[in-house]
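What follows is one structure encoded as structure tokens, with my remarks underneath.
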Amino acid sequence: MDLLLILTYASICIAIFKIFKIPLNKWTVPTAILGGVVLVGTLVLLMNYNHPYSPFAKEVFISVPINPAVRGVVKEVNVKPNVPVKKGDVLFKINPTPFEAVVMQKRAALAAAEMEVPQLEASWKTAQATMRQAKSNRDRTKSAYERYEEGRKRGGVNSPFSELELDNRRQLYISAQAQLTAAESEERRFRLAYESNVDGVNTKVAGIQAELDKALFDLEQTVVLAPSDGMVTQMALRPGIIAVPMPLRSLMSFIPDEERYMAGAFRQNSLLRLEAGDEAEVILDGAPGQVFKGKVAKVLPAMAEGEIQSTGSLIPSSMLMQPGRVVVLIKVDDDAIKHGFPAGAAGQIAIYTEHFHHVAVMRKVLLRMQGWLNYLFH
């Protein structure tokens, strides 16, 4: 763009020399050259500093990699490439047969587990009855043993109860006590099994219900839906392909229908003048002669040339030799770029700050001249 300004000045000087028939001598030619150096140099410095320009600009957009949540064979591809779709529209389907089988299996297991709950209650009540019976038997044998023992002590040698009979009653009492302990343990086991709940639901039933929910979720994921309004482009997915949930290998790229920006790479010395809200103009390589107006949306606060990550490798000094440029996002006022040109279109950007407004006119003229050159280098 600076070359255009120099060529313009040279053309004006030639025209003046020809029109006014100014002789070429040691006074006129140096005067024109020195005047051009001072005039053009001053204008270039003021223009570049206060109204920066970037020949490196491109429309940026976000693409969403579409990966299935489950593994399976692609049964249908319902979306057409380069055709807009709405949020929730079906993109493609995976064969649901194995997932339907798992759902049926989990439903059967859930029904069986739900039937076990009243069975556990019945077993617990049976264990309670058994425990009461064992307790009654223990009390009866204990009473008999204590009666024999008391009679043995009172009668002495003349007691009607022999030592053998007393020992038999003692063994019966000990056996009844052991049976009661076993019955109590069994009652406790059935009670714990019956009362084992999570949020009022039997733990086994809750566990199988969770497995069923997971199986139903996997079944739902066999139908892959559009995450938002947008479209799919450059699609190579076909029925029969095995879809694998791998984040590094997506099946298609989805471009959301959302706000897009023109991103320009500006020199770092332009940072002193760049602010959000400044007026901007954009020309595209694919639109010769057209100028699109916009505003500075944001000056990104970081540059990739200075990024450092923990990798275990030493940082080479060559990284410090790359100064890098500041990335500035431009929001174009209308949707002409979005609807009239493919996403990622390249172009050039000029930003007009509030300083030295009269110099901005020259930048606008030069930008339009650069846009006209796109007819030649299209």
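Please work out the FRET efficiency for the pair residue 249 and residue 45, using the Cβ-Cβ distance as r and a Förster radius of 45 Å; give the result to the nearest 0.05. Could you put the intermediate results ahead of the total?
On the way: r = 52 Å, r/R0 = 1.15.
The pair residue 249/residue 45 has a calculated efficiency of 0.30.
Starting from the Cα-Cα distance between residue 214 and residue 318, subtract it from 0.36 nm times their residue separation and give me the gain in nm to one decimal.
32.3 nm
Using a ≥ b ≥ c from the Cα gyration tensor of the range 31-186 (square roots of the eigenvalues), is it rounded, prolate or oblate, where a/c under 1.5 gives rounded and otherwise the larger of a/b and b/c decides, a/b for prolate? It is prolate, given that a/c is not under 1.5 and a/b is the larger ratio.
Taking 0.36 nm per residue of sequence separation and removing the Cα-Cα distance, the residue 95/residue 80 pair yields an extension gain of 3.5 nm. Remark: spin-label model distance residue 185-residue 279 equals 9.3 nm, labels positioned 7 Å along the Cα→Cβ axis. Taking max minus min of the alpha-carbon positions on each principal axis, the chain gives extents of 164, 47, 36 Å, largest first.
Placing a pseudo-label 7 Å from each Cα along the Cα-to-Cβ vector at residue 229 and residue 199 gives an inter-label distance of 3.6 nm.
Taking every alpha-carbon pair under 8 Å whose residues sit at least 6 apart, the range 1-144 reaches a relative contact order of 13 percent. Remark: the chain carries 62 Å² of accessible area per residue (probe radius 1.4 Å; ligands, DNA and RNA excluded). As a rough guide to protection, the peptides 119-126, 345-352 ranked by mean Cβ packing within 10 Å, highest first, stand as 345-352, 119-126.
Taking Cα atoms only, the orientation of helix 97-155 departs from the longest principal axis of the chain by about 30 degrees.
Here the Kirkwood formula, the inverse mean of 1/r across different C-alpha pairs, assigns the range 86-145 a hydrodynamic radius of 16.6 Å. Each of residue 325 and residue 63 was given a label point 7 Å from its Cα along the Cα-to-Cβ line. The distance between the two points is 2.3 nm. Straight-line reach from residue 293: taking Cα to Cα under 21 Å and skipping same-chain neighbours fewer than 8 places apart, the lysines in range are 58, 331, 338, 364. For the listed peptides 203-209, 108-114, a ranking on the average number of other beta carbons within 10 Å per residue, highest first, reads 203-209, 108-114.
Taking the protein heavy atoms of the chain in the context of the full set of protein chains, the accessible area attributed to carbon and sulfur is 60 percent at 1.4 Å.
Below 8 Å between Cα atoms, with a sequence gap of 6+, how large is the relative contact order for the chain in percent?
On the way: 565 pairs, mean separation 106.8, N = 378.
Relative contact order here is 28 percent.
Counting only Cβ charges, +1 for Lys and Arg and -1 for Asp and Glu, the dipole size of the range 302-378 around its Cα centre is about 240 debye. Taking the C-alpha atoms only, the angle from helix 163-195 to the longest principal axis of the chain is near 20 degrees.
What FRET efficiency would be calculated for the residue pair residue 311, residue 354, taking the C-beta separation as r and a Förster radius of 41 Å, to the nearest 0.05? Numbers along the way, then the final one.
Values: r = 44 Å, r/R0 = 1.06.
My answer for the efficiency is 0.40.
Here residue 305 sits with roughly 60 square angstrom of accessible surface, probe radius 1.4 Å. Within the straight-line cut-off of under 19 Å between alpha carbons, the lysines reachable from residue 18 are 26, sequence neighbours fewer than 8 places apart in one chain being disregarded.
To the nearest 20 debye, what is the magnitude of the charge dipole of the chain about its Cα centre, counting +1 on the Cβ of each Lys and Arg and -1 on the Cβ of each Asp and Glu? It would help to have the intermediate numbers written out before the result.
Details: 43 positive and 39 negative charges, 79 e Å.
The calculated dipole for the chain is roughly 380 debye.
Taking the C-alpha atoms only, the angle from helix 2-19 to the longest principal axis of the chain is near 20 degrees. Selection among 242, 205, 268 by position relative to the dipole of the range 141-280 gives 205 as farthest towards the positive end (Cβ unit charges, Cα centre). For the range 247-317, the mean projected area of the C-alpha convex hull, equal to one quarter of the hull surface, is 9.4 nm².
Kirkwood radius and radius of gyration were both taken over the C-alpha atoms of the range 202-334, and their ratio Rg/Rh is 1.16.
Need the full-extension length gain, residue 171 to residue 336, defined as separation in residues times 0.36 nm minus the C-alpha distance. One decimal, nm.
Gain on extension, residue 171 to residue 336, equals 49.3 nm.
The values are calculated or read from the model by the stated rules, or taken from the named source; none is laboratory data. Remember, predicted model here, so these are calculated numbers, not experimental data. All Cβ positions, even for glycine, are placed from backbone atoms using ideal geometry, and neighbour counts span all protein chains on display. Only protein heavy atoms, including side chains, enter the accessible area calculation; ligands, DNA and RNA are left aside. Shrake-Rupley method; radii C 1.70, N 1.55, O 1.52, S 1.80 Å.
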